Amino acid sequence: MFSFVVLWVPPVARLLGHWKPPLWGWAVALVSMPILLAVDALSKSVRHERRFGGTGQPGH
């Protein structure tokens with residue numbers, strides 16, 4: 001919510017030296033979301049494999 005106010009409420013944005021991102025900024029943000037989710041899922045999978053060794057039980 002704070003980010004929304006800082007970017008989209010003009011008096012607050014001007015006071016803090018912010019403004020709406022350009023179109024390419026929105027494109028980068030939208031493209032980065034699925035990449036972030038994929039990397040997070042991969043990281044969790046790797047940690048699970050290391051912890052459980054593929055057996056589904058700790059220490060095996």
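Quick note: the coordinates plus some simple rules give every number you see, no bench work behind them. What you are looking at is a predicted structure, and each value in this text was computed from that prediction instead of being measured. Reconstructed Cβ throughout: ideal geometry from the backbone, glycine too, with neighbour counts over all protein chains shown.
Please check: in the Gaussian network model of the chain (C-alpha springs, under 10 Å), which one of Ala27, Ala38, Ala13 has the largest mean-square fluctuation.
Per the Cα network of the chain with a 10 Å cutoff, Ala13 tops the list.
Helix 23-52 sits at what angle to the longest principal axis of the chain, using alpha carbons and giving 0 to 90 degrees rounded to 10?
Helix 23-52 sits roughly 20 degrees off the main axis of the chain.
Compute the distance in nm between two label points, each set 7 Å from the Cα along the Cα-to-Cβ direction, one at Leu16 and one at Val31.
2.6
Place a +1 charge on the Cβ of each Lys and Arg in the chain and a -1 charge on the Cβ of each Asp and Glu, then give the dipole magnitude about the Cα centre in debye, rounded to the nearest 20.
The calculation lands at about 100 debye.
Can you work out the base-10 log of I(q)/I(0) for the chain at q = 0.12, 0.16, 0.27 1/Å, using the Debye formula on its C-alpha atoms alone?
For the chain, the Cα-only Debye profile gives -0.54, -0.67, -1.00.
Using helices alone, what [θ] at 222 nm do you get for the chain, with -39,500 (n - 2.57) per DSSP H run of 4 or more residues, divided over all residues and rounded to the nearest 500?
Helices in the chain give a 222 nm mean residue ellipticity of -24000 deg cm²/dmol.
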